[in-house]
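One structure is given here, and the rest of the page talks about it.
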Amino acid sequence: MEIISNVNDGILYVKLSGDIDHHSAKTVRDCVDNLIRKNNPAELELDLSSIEFMDSSGLGLVLGRYKKQTDMGGKMKIINPTKRVLQILQLAGVEKIIKIERIRQA
Amino acid sequence: MKKEIKKIKKKRVILNQIKSSFPAKSINESLSRMIAASLVCQLDPTIDELADIKTAVSEAVTNCIVHGYGNNYKSISSVNKSGGEINLYACYYDDNSIKIIIKDKGKGIEDVKKAMQPLYTTDESGERSGMGFSIMQSFMDKIRVISNPGKGTTVIFEKKISRPV
């Protein structure tokens, strides 16, 4: 699991790569929560374009970060989920509460 | 005279199988889906079919670790003494269908029907989505859950793999 992040204009961008399952979710959760605490961003952008595998632990991770962000008065969106990740997000109705954006990459 | 029509149901034949057991450690979630995927790959499944199977196996094994054994793995010796072991059986048949059985000897599920409802979770931290069984149901053709409180849970999946063109 690889995590890339940067902060720009109050937007915390976090890109996750690899597998998100119950085993890896804890590390990702701790890392993203640290970034949120440190930067207190107005918006969290979670880039899921490089996720190779995700199960319901990934759903829990996404929903947990959304709750954390909105509890702190911030916003969150998901960027470029893979077809597979999108399928799992839609199964849980995540797209009804979290904005999912497709951004054309250079 | 009434002609008797006898339905002849062809019994499917197992062509290959794998039996494995491993400790209920979260690192073995990826191992379990790789084991199942390696066997299923012999049927030349589509990428989506393979992803469906890997996801369902991962969900079931995670349930064993998190709920069956309460995330309580300590050591290999404790696995041998008091449980904490997960059994995975996978096979495929001559009709291109697969069967996967995942079994734990953990605390079991009191109310399987309730546990299988979408968004149902006993977790209060907000980090579990309660979608595990729903994902298993939507990605596999058949799912059966047998559980005895105090004795453990067995999840059985079946899925038909499309024949390569």
(request) Enumerate the helices (runs of 4 or more DSSP H) found wholly within chain A, keeping only those where 2 or more residues are hydroxyl-bearing (Ser, Thr, Tyr). (result) A:22-39, A:56-71
(request) Collect the residues in the range B:36-50 that are within 14 Å of chain A (Cβ to nearest Cβ) and either within 18 Å of residue B:88 (Cβ to Cβ) or outside any helix (DSSP H, G or I) (or both), keeping them in residue-number order. (result) B:36, B:37, B:46, B:50
(request) Output the residue which, of all residues in the range B:107-165 that are among the small types (Gly, Ala, Ser), open to solvent by less than 50 Å² (accessible area, probe 1.4 Å) and in a loop (DSSP other than H, G, I, E, B), is farthest from the other protein chains (Cβ to nearest Cβ). (result) B:108
(request) Could you please find all residues in the range A:60-97 being touching a strand residue (DSSP E or B) at 6+ places or on another chain (Cβ under 8 Å) and away from every other protein chain (no Cβ under 13 Å)? (result) A:74, A:75, A:76, A:77, A:78, A:79, A:80, A:81
(request) Return the total of residues in the range B:8-30 being in a strand (DSSP E or B) and closer than 26 Å to residue B:93 by Cβ. (result) 9
(request) Answer with yes or no whether residue B:134 is among the small types (Gly, Ala, Ser) and at pLDDT 95 or above. (result) no
(request) Consider only pairs whose beta carbons are under 8 Å apart and that are at least six residues apart or on different chains; among these, list those whose first residue lies in the range B:65-86 and is within 14 Å of chain A (Cβ to nearest Cβ) and whose second residue is open to solvent by less than 60 Å² (accessible area, probe 1.4 Å) and at pLDDT below 65. (result) B:69/B:83; B:73/B:79
(message) I'd like to know if the range A:28-51 contains one or more residues that are surrounded by 23 or more Cβ atoms within 10 Å (Cβ to Cβ), facing chain B (nearest Cβ under 9 Å) and within 13 Å of the chain's Cα centre (by Cα).
(response) no
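The values are calculated or read from the model by the stated rules, or taken from the named source; none is laboratory data. From a predicted model like this one, the values you see are computed outputs, not experimental measurements. Cβ coordinates were reconstructed from backbone atoms using ideal geometry, including for glycine residues, and neighbour counts include every protein chain displayed. Heavy atoms of the whole protein, side chains included, go into the accessibility calculation; ligands, DNA and RNA do not. Shrake-Rupley method; radii C 1.70, N 1.55, O 1.52, S 1.80 Å.
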